[in-house]
């Protein structure tokens, strides 16, 4: 009579784990320790307060006003296309409230101080906007005039703005100005702004004295070119 071996099932049970009931033994019970059998703890009653959902419409205004003037928000909404136009020399009009005006630090008498930055200011779409997150920088709205050229600009209206007041500015929307200013969100390279003429009271575009694009400067260059052409024609006539 042949005897059947029982060693193989025992080995398989050992390999698969002693906790399998299929091997004829009940899985061992895990004894709970500590407070696992206790009721809810104080931590279970902690209320988690999440921050309020961000308001993505905060600071949002119309992209353009009824007269076609841009808002700061509008210029930045399609910033790449608008910067491309500005780099190509296209002027745009933008309306905003003057939030801040840069003032160079005062240098004490008798001391040598570093030169201040060039004049610039910031505008916002709303009069109560704080910080520079929604503000746009405007540069090159003022120029230094040397003493020899000062008499020619005497009495010419300058660019004068006040904090908190709304103005319409003309300029080129860029990321980099011609004078070294830069802002990834875009800035305005100033050309002129709308203000009442101090002599007539009629609102018109006012450019900064000394600017290469000021009407008086353009007129001076045209007259200089005219004189140069006349002199060259006279010289040519003598040599005939």
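The values are calculated or read from the model by the stated rules, or taken from the named source; none is laboratory data. Keep in mind that what you see is a predicted model, and the values were worked out from it rather than measured. Glycine also receives a Cβ, built like all others from the backbone with ideal geometry; neighbour counts cover every protein chain displayed.
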Checking residue 186 against (1) closer than 22 Å to residue 118 by Cα; (2) surrounded by fewer than 13 Cβ atoms within 10 Å (Cβ to Cβ), only one condition comes out false. Which one?
(2)
Could you check, for region 217-228, whether at least one of its residues is surrounded by 10 or more Cβ atoms within 10 Å (Cβ to Cβ), at pLDDT below 95, under 33 Å from the mean Cα position of the chain (by Cα) and in a helix (DSSP H, G or I)?
yes
Being free of Cβ contacts under 8 Å to residues at least 40 places away in the same chain and not in a loop (DSSP other than H, G, I, E, B) is the filter here; which residues of region 160-205 pass it?
176, 182, 184, 192, 194, 195, 196, 203, 204, 205
Restricting region 127-152 to residues that are modelled with pLDDT under 95 and outside any loop (DSSP other than H, G, I, E, B), which is surrounded by the most Cβ atoms within 10 Å (Cβ to Cβ)?
152
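Does residue 205 satisfy being in contact with a helix residue (DSSP H, G or I) (Cβ under 9 Å, 6 or more places away or on another chain) and surrounded by 13 or more Cβ atoms within 10 Å (Cβ to Cβ)?
Values: in contact with a helix residue (DSSP H, G or I) (Cβ under 9 Å, 6 or more places away or on another chain): no; surrounded by 13 or more Cβ atoms within 10 Å (Cβ to Cβ): yes.
Answer is no for this residue.
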Scope region 78-126; condition within 25 Å of residue 66 (Cβ to Cβ), out of contact with any strand residue (DSSP E or B) (no Cβ under 8 Å at 6 or more places or on another chain) and part of a helix (DSSP H, G or I); matching residues
81
Selection status of residue 177, surrounded by 12 or more Cβ atoms within 10 Å (Cβ to Cβ), at negative phi and under 21 Å from the mean Cα position of the chain (by Cα):
yes
